Amino acid sequence: DGVRPFPSVEVIRNCYETARKTGSAIPVIPVVETIRHLGTKVQCSKFKVQTYVTSFHDFCHDSAKRASTMALAAPKVQSSPVPRDEYRLVQTPQVFDIQLHKKAYAQDYRDSFTDDASVVESMGCAVTLVEGNRENIKITTPFDCVVAEAILSSPHSTFHSPSSTPLIPPSSFVLPPSS
């Protein structure tokens with residue numbers, strides 16, 4: 001997966017071995033931040049309600065605009081805390097039995113499909129969760145690129161160069177017949 005370039009060797013191996021046994025494996029990590037469920041929008045009677053739209057760059061680099069955005073971010077939304085121990089963040093690689101994967105992708109597309117696991121689960125199949133690694137960040141914003149560079153330049157990083165140990169023996173790969 002191009003946007004998650006840092007899966008550990010152990011995660012890749014564990015996903016592959018687990019999928020061979022159960023038909024599926026997706027890496028997940030615990031949620032460490034506090035998360036909230038958004039409810040209904042309500043008008044705040046104490047303040048004049050305004051909407052302020054800003055660019056990512058302005059928000060990050062202009063403290064006055066950032067303060068305005070925070071103060072005027074309305075309408076207000078009622079929210080409630082969510083028990084984070086009941087949730088996991090999903091990563092890649094997501095590994096599936098090839099026949100299961102083909103059957104899942106033979107379905108008509110749905111807007112609810114967010115990843116391979118959601119496509120497989122839409123058929124009523126459970127997916128097996130395996131422990132992921134926190135360094136396997138998703139790179140989608142300029143800030144994520146900064147974090148990725150820090151991971152690569154860290155003396156503690158295991159991502160300086162490709163591993164000399166193969167993840168999966170080449171004889172384990174079975175290619176489907178060409179059509």
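Nothing in this text is a laboratory measurement; each read-out follows from the coordinates by a stated rule. Model, not experiment: these values are computed from the prediction. Here the Cβ positions follow ideal geometry from the backbone for every residue, glycine too, while neighbour counts run over all protein chains shown.
Given axes a ≥ b ≥ c from the Cα gyration tensor, I'd like to know whether region 69-153 is rounded (a/c under 1.5), prolate (a/b larger than b/c) or oblate. Note, shape of region 69-153 comes out oblate.
What net charge is computed for the residues neighbouring Pro27, neighbours being all others with C-beta under 14 Å from the C-beta of Pro27, Lys and Arg scored +1, Asp and Glu -1? Could the numbers behind the result be given before it?
Details: positive: Arg4, Arg13, Arg88, Arg134, Lys138; negative: Asp1, Glu10, Glu17, Asp115, Asp116, Glu131, Glu135.
Summing Lys and Arg as +1 and Asp and Glu as -1 gives -2.
In terms of packing, defined here as the mean over residues of other Cβ atoms within 10 angstrom, the peptides 8-14, 135-141 line up highest first as 8-14, 135-141.
Rounded to the nearest 0.05, what FRET efficiency do Glu131 and Thr40 give with R0 = 35 Å and r taken as the Cβ-Cβ distance? Could you check?
On the way: r = 36 Å, r/R0 = 1.04.
Using R0 = 35 Å, I get an efficiency of 0.45.
Between amide H atoms placed 1.01 Å from N, distances below 5 Å from Leu89 occur with Ile29, Val31, all of them 5 or more places distant or on a separate chain.
Note down the net charge around Ser8, summing +1 for each Lys or Arg and -1 for each Asp or Glu among other residues with Cβ under 13 Å from its Cβ. Before the final figure, lay out the partial values.
Numbers: positive: Arg4, Arg13, Arg134; negative: Glu10, Glu131, Glu135.
Charge balance in the 13 Å sphere: 0.
Here Lys102 is the anchor, and the aspartates and glutamates within straight C-alpha reach of less than 18 Å, apart from those fewer than 8 places off in the same chain, are Asp115, Asp116, Glu121.
Packing, as the average of other Cβ atoms within 10 Å across residues, places the peptides 20-33, 77-90 in the order 20-33, 77-90, highest first.
Modelled label positions at Asp85 and Lys138, each set 7 Å beyond Cα in the direction of Cβ, lie 2.5 nm from each other.
Quote the FRET efficiency, to the nearest 0.05, computed for Val77 versus Ile29 with a Förster distance R0 of 35 Å and r equal to the Cβ-Cβ distance. That pair, Val77 with Ile29, gives E of 0.85.
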